[in-house]
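The values are calculated or read from the model by the stated rules, or taken from the named source; none is laboratory data. From a predicted model like this one, the values you see are computed outputs, not experimental measurements. Cβ placement follows ideal geometry from the backbone for every residue including glycine, while neighbour counts extend to all protein chains displayed. Please note that ligands, DNA and RNA were not included when accessible areas were found on the heavy atoms of the full protein model with its side chains. Shrake-Rupley method; radii C 1.70, N 1.55, O 1.52, S 1.80 Å.
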Amino acid sequence: MTPITPPSDLPAELLPLFERMNQEGRAPNPPSRTEIRAVTDWFYEARWHTGRADQNELAWVRHWMDACDNPALAEITDAVCVQLIESGKISEAIELAEAMLAKCADFSVSYTLALAQAAQGSRDAAIATLEHALKTHAPDALVAEGMPLAHIGQAWLDLAHLYQQNKSLFKAIGPAKRAIALAQRDQQDDLLIDGLRFLVEQLIEQGGADEAWDNLAEFLSDTPSTTQLALWELAFMRLADQLSPEIVDRGAQLFLGTGKPDPLIKYLYKQAQATRDRDLTLIAFIIALKYRAPIDVAAPLAANLLLRDQDRQTESAPLIAAATMALAELPDERSIKRAHWHRDSMVQLISVAKHQGVPEAAVKLWAEDQRLYREHGIIDRAAEALRSELETPPAWLDLPANPQRTAEPTP
């Protein structure tokens, strides 16, 4: 075993024992099991549990825990295996984990072994290892030993991913549902979202979009939260054809009530393209203006509304083009192509002006006279004017916009 530097906080009474252990094979009086246990117990509590033990130190402690049958051996072995995997030493991690499991069954070590086998490309072996671990270790028993439910749930979800990667698509459904159930029981939102996302995608892949909706719907609520926003977005983006008008209204209320309109805008635009319903595109564009959506989202909507020559000749065409250009002028880190869209919207405004009978040389004066610039409040004016074109606007379209999202920076 490679010697390590003694930690600065190692108690003085343990230092002689540590030095004798650190000279393994060279010390004239090897330490007893009781002495070794005293040192390893200190490292376990003072170094490992405080997150200060590095890879070499953990390997050293694991070696000596093995020598004295320390009950924390499996836990430290698991940690060493994880570090070996992270260092790219997959074969060493597998060898060490298998040696540990030959002595005693341990869920965490089995789970880590499965991850190492998967990383090595031995997917069948990884599935067999993880299946066996999950079948032989009951969740409640593991929780009683101090293991978080989320860790067990993640293992089920990883098994689902392994089945998926192995083209055993139907086998992946059960483990995903187990992961979701454990996430719900333990109120682990991240795991719940990941599990439902996996399950929805998997069921859609198998042609079961209706079943995917049934599984997702029971977790949707109208109470605003980061989790609910993620789940509603999943519904709107992946299960649009399953959503009834009432469900769309509920989701719209949540998105707009929390100032997060982008999923609703994308949903409306997708539906508009499928149904060729200009009003849906118009509603999406109004929301984009009211909530100052990223120009990457708003500009394609405007382009669709101004696609044909007759579209550019309407009374509202200058408002659409000018509001789009004004939106592109707003600093926005969410928009990765803001400069591109600003140039595009400027060309679009010039084209609209021509269709309105304005010579190109007079476009700037015309825009001033019509008060079409951002400083004229064109974004909100356009949103209000375009709303009046709708015969039956949805009730949620009139929700007050979140002021933090709509506030414009001072020029």
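Quick notes on this one:
- Within segment 266-288, if we keep just the residues that are in contact (Cβ under 8 Å) with a residue 40 or more places away in the chain and not β-branched (Val, Ile, Thr), the residue that is farthest from ALA302 (Cα to Cα) turns out to be ASP279.
- Enumeration of residues in segment 126-150 that are open to solvent by 40 Å² or more (accessible area, probe 1.4 Å), over 13 Å from ASP106 (Cβ atoms) and in a helix (DSSP H, G or I): ALA128, GLU131, LYS135, ASP140, VAL143, ALA144
- Test result for ASP332, open to solvent by less than 80 Å² (accessible area, probe 1.4 Å), of a type in the set (Asp, Glu) and not in a helix (DSSP H, G or I): yes
- Unique residue being in a helix (DSSP H, G or I) and open to solvent by 40 Å² or more (accessible area, probe 1.4 Å) when the list is VAL82, VAL109: VAL82
- Against the list (1) open to solvent by 70 Å² or more (accessible area, probe 1.4 Å); (2) in a helix (DSSP H, G or I); (3) closer than 29 Å to PRO400 by Cβ; (4) without any contact (Cβ under 8 Å) to a residue 40 or more places away in the chain, the condition GLU211 fails is (3).
- Candidates are the residues of segment 154-173 that are part of a helix (DSSP H, G or I) and more than 13 Å from LEU130 (Cβ to Cβ); the one that is least open to solvent (accessible area, probe 1.4 Å) is ILE173.
- The condition of being free of Cβ contacts under 8 Å to residues at least 24 places away in the same chain and under 21 Å from the mean Cα position of the chain (by Cα) does not hold for ALA240.
- Residues within segment 329-388 that are without any contact (Cβ under 8 Å) to a residue 12 or more places away in the chain and of a type in the set (S, T, N, Q), tallied: 1
- The set of residues from segment 104-159 being at pLDDT 95 or above and among the polar types (S, T, N, Q) comprises SER108, SER110, THR112, GLN117, GLN120, SER122, THR129, GLN154.
- Options SER345, SER388; residue that is polar (S, T, N, Q) and surrounded by fewer than 16 Cβ atoms within 10 Å (Cβ to Cβ): SER388
- Of the residues making up segment 59-92, those that are β-branched (Val, Ile, Thr) and more than 16 Å from LYS103 (Cα to Cα) are VAL61, VAL80, VAL82, ILE85, ILE90.
- For THR2, the conditions (1) of a type in the set (Ser, Thr, Tyr); (2) open to solvent by 30 Å² or more (accessible area, probe 1.4 Å); (3) modelled with pLDDT of 95 or more are fulfilled apart from (3).
- Among (1) assigned to a helix (DSSP H, G or I); (2) more than 22 Å from THR392 (Cα to Cα) - the single one PHE255 does not satisfy: (2)
- Given (1) exposed (fewer than 15 other Cβ atoms within 10 Å of the Cβ); (2) touching a residue at least 24 places away in the same chain (Cβ under 8 Å), index of the condition ILE36 fails: (1)
- Remark: ALA116 matches the filter, which requires a residue to be more than 18 Å from ALA181 (Cβ to Cβ) and crowded, with 20+ Cβ neighbours inside 10 Å.
- Each residue in segment 9-19 was checked for being open to solvent by 50 Å² or more (accessible area, probe 1.4 Å) and more than 16 Å from TRP48 (Cβ to Cβ), and 5 pass.
- Selection count where residues are part of a helix (DSSP H, G or I) and among the aromatic types (Phe, Trp, Tyr), scope segment 283-301: 1
- Subset of segment 252-295 that is open to solvent by 10 Å² or more (accessible area, probe 1.4 Å) and among the small types (Gly, Ala, Ser) - its residue that is modelled with the highest pLDDT: GLY257
- Taking the criterion of being over 17 Å from ALA217 (Cα atoms) and either open to solvent by 40 Å² or more (accessible area, probe 1.4 Å) or part of a loop (DSSP other than H, G, I, E, B) (or both), the residues of segment 179-207 that qualify are ARG185, ASP186, GLN187, GLN188, ASP190, GLU205, GLN206, GLY207.
- Hey, ALA321 open to solvent by less than 10 Å² (accessible area, probe 1.4 Å), farther than 21 Å from LEU397 by Cβ and touching a residue at least 24 places away in the same chain (Cβ under 8 Å) or not: yes
- Test result for GLU98, at pLDDT 95 or above, surrounded by fewer than 23 Cβ atoms within 10 Å (Cβ to Cβ) and under 29 Å from ALA176 (Cβ atoms): yes
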